[in-house]
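Here, each number is a calculation from the coordinates, and none is a lab measurement. What you see is a predicted model; the values in this text were computed from it and never measured.
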Amino acid sequence: MPIYEYVCQSCKQTFETIRPFSQADAPINCPNCGYLDAKRQISLVNAVSSGKSLTGGSSSCGTCQSGNCGSCGHS
Ligand SMILES: [Zn+2]
C-alpha cells in the first residue's frame, strides 16, 4: 500500500500513514492533537523528481519528453 503524507490543519503537524489508495482522501485523525482535519499533502520530493525526469533527467530520449519514445520513434 502507498504511503501518504498529511498535514494537520489545527497544529500543522505532518505525519505519514500507509493506507489503501481508495482511502487516500478519507478523513484521518492527527496523531498529535487528535483533530480530524488533516489534509493529504502532495510530496514535494516526488514533484521535483518527476519534474526533472520530464526534462531528460532519467529519460534516455532527448527528443521527446514523454518518458517513453513511442511518440517520437527515438530508440
Ligand atoms: Zn494536529
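Listed values for segment 13-23 are Karplus-derived 3J(HN,Hα) couplings in whole Hz (6.51 cos²θ - 1.76 cosθ + 1.60, θ = phi - 60°), namely 5, 9, 8, 10, 9, 8, 8, x, 4, 5, 10, and x replaces Gly and Pro. The H on the amide N of residue 9, modeled in the peptide plane, is under 5 Å from the matching H of 37, 38, 39, each at least 5 residues off or on a different chain. Sequence-distant contacts, meaning Cα pairs under 8 Å at least 6 residues apart, place the relative contact order of segment 3-44 at 45 percent.
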